[in-house]
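Student: Before we start, here is the structure in question, set down as structure tokens.
The values are calculated or read from the model by the stated rules, or taken from the named source; none is laboratory data. In this text, all values refer to a predicted model and were calculated from it rather than measured experimentally. Using ideal geometry, Cβ is built from the backbone for each residue, glycine included, and neighbour counts are taken over all protein chains shown.
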């Protein structure tokens, strides 16, 4: 498996695993969005909590220039560590949710 296919597989596996966590609200569901053509991958929560609309992104990854960019993480889990355990090197994980000046201090890649 080439590098790009491996990264796609890692992201999809990670998102599928996290989508198994159920919301306490029965009217809220997990939605997985995979776009392997543009290399965008998301886990969302969609539904209703009483009269309040629930619609937000839990995790969002992009693959750009053969690197994995974490664009959103609303969990308390270090998903970068999960990617490392799947064999993704630190320098290929970019925390895009941090401004560029902070990225050198994240122990992950810099872009």
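Student: How many residues, within segment 75-95, are in a loop (DSSP other than H, G, I, E, B), in contact with a strand residue (DSSP E or B) (Cβ under 6 Å, 6 or more places away or on another chain) and over 18 Å from residue 18 (Cβ atoms)?
Tutor: 0
Student: List pairs: first in segment 1-12 and within 10 Å of residue 66 (Cα to Cα), second exposed (fewer than 13 other Cβ atoms within 10 Å of the Cβ), Cβ under 9 Å, 6+ apart or cross-chain?
Tutor: Between residues of segment 1-12 that are within 10 Å of residue 66 (Cα to Cα) and residues that are exposed (fewer than 13 other Cβ atoms within 10 Å of the Cβ), the close pairs are 3/66; 4/66; 7/66.
Student: Quick one: which strands (runs of 3 or more DSSP E) lie wholly within segment 1-72 and hold at least 2 residues that are under 22 Å from residue 100 (Cα atoms), out of contact with any strand residue (DSSP E or B) (no Cβ under 6 Å at 6 or more places or on another chain) and modelled with pLDDT of 95 or more?
Tutor: Hits in segment 1-72: 52-64.
Student: Which pairs turn up if I take residues in segment 30-57 that are at positive phi and look for partners that are exposed (fewer than 15 other Cβ atoms within 10 Å of the Cβ) with beta carbon separation below 7 Å, at least 6 apart in sequence or on another chain?
Tutor: Sorted first by the residue in segment 30-57, then by its partner, the pairs are 47/25; 47/27; 47/29.
Student: Further, regarding this structure: Can you tell me which residue among 86, 44 is surrounded by 11 or more Cβ atoms within 10 Å (Cβ to Cβ) and more than 22 Å from residue 4 (Cβ to Cβ)?
Tutor: Result of the check over 86, 44: 44.
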